[in-house]
Structure formats: structure tokens, C-alpha cells
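Engineer: This is the structure I want to talk about, given as C-alpha cells.
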Amino acid sequence: MSRIHAHLKPYARHVVEQAHQQQQSCLIPHSGLQYFFGNDLFIAPVTESEVNRWTVSLPKGQWIHLWTNKIFEEGVCVVDAPIGHPPVFYRAT
């Protein structure tokens, strides 16, 4: 996980700086408890215990699952969500 954190650090810094300049939040609500971090990272927190899969409502566009690199289209999907690997997607370019 620390490798992913290090890889995302430049993006996180950019998002925080941009939010500060625009006086807006870094976190943008989407649906239910799902949210964007900036424009290109989408997080769907798992809010139930003892769950290994989670239903996600992806926004418009193509999204890549952070843990598997599988490409998903917008809409509802179910992904593996073991402890320590929450559903996180990044926008396909």
C-alpha cells in the first residue's frame, strides 16, 4: 500500500493545491458515500463489516480499478473489496 501512496503523492499534492486555490474541497460527493478525490480518482468506501465484495456506481466514462487494473464502464458494478483494498478507481485517459 505504501508504494501506491507514494505513486499517488504528486496527484494528491496537485489536487490539494488546486482545491486551495479555488477554495473548494478536495472531496467531491457522487452517490451515497462514494466520492471523487479531485477529478480523476473515485472512491467507494466499504461501510459494512465482513464484506468481501462491494457494489459501486461508477460515474460517466471509463475507470480502471486500482488493485486489478481492470477497465470498467460507467454504471453499476460489483468488485472485490477485501480488507485493506477498498474500491478505488482512476479515470482512464
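Engineer: Run Gln34 past the list (1) under 14 Å from Val88 (Cβ atoms); (2) touching a Cys at 6+ places or on another chain (Cβ under 6 Å) and report the number of the one that doesn't hold.
Structural biologist: For Gln34, the exception is condition (2).
Engineer: Give me the residue from the range 56-86 that is assigned to a loop (DSSP other than H, G, I, E, B) and open to solvent by less than 90 Å² (accessible area, probe 1.4 Å) and, out of that set, farthest from His14 (Cα to Cα).
Structural biologist: Pro82
Engineer: If Gly32 meets every condition in (1) in contact (Cβ under 8 Å) with a residue 24 or more places away in the chain; (2) within 21 Å of Ile4 (Cβ to Cβ); (3) out of contact with any strand residue (DSSP E or B) (no Cβ under 6 Å at 6 or more places or on another chain) apart from one, which number is that one?
Structural biologist: With respect to (1) in contact (Cβ under 8 Å) with a residue 24 or more places away in the chain; (2) within 21 Å of Ile4 (Cβ to Cβ); (3) out of contact with any strand residue (DSSP E or B) (no Cβ under 6 Å at 6 or more places or on another chain), Gly32 is out only on (2).
Engineer: Further question on the same structure: Pick from the range 40-55 the residues that are in a loop (DSSP other than H, G, I, E, B), open to solvent by less than 100 Å² (accessible area, probe 1.4 Å) and not hydroxyl-bearing (Ser, Thr, Tyr): which of them is farthest from Gly84 (Cα to Cα)?
Structural biologist: The extreme case among them is Asp40.
Engineer: Which residues, counting only those in the range 23-39, are out of contact with any Pro (no Cβ under 8 Å at 6 or more places or on another chain) and open to solvent by 100 Å² or more (accessible area, probe 1.4 Å)?
Structural biologist: Gln23, Gln24, Pro29
Engineer: Here is a follow-up. Condition test on Val56, is it over 11 Å from the mean Cα position of the chain (by Cα) and within 18 Å of His30 (Cα to Cα)? Outline the logic, then answer.
Structural biologist: Values: over 11 Å from the mean Cα position of the chain (by Cα): no; within 18 Å of His30 (Cα to Cα): yes.
In short, no.
The values are calculated or read from the model by the stated rules, or taken from the named source; none is laboratory data. Keep in mind that what you see is a predicted model, and the values were worked out from it rather than measured. Don't worry about glycine lacking a Cβ; one is built from the backbone with ideal geometry, like all the others, and counts go over all protein chains shown. The protein model used for the area step is the full one, side chains on, heavy atoms only, and it has no ligands, DNA or RNA in it. Shrake-Rupley method; radii C 1.70, N 1.55, O 1.52, S 1.80 Å.
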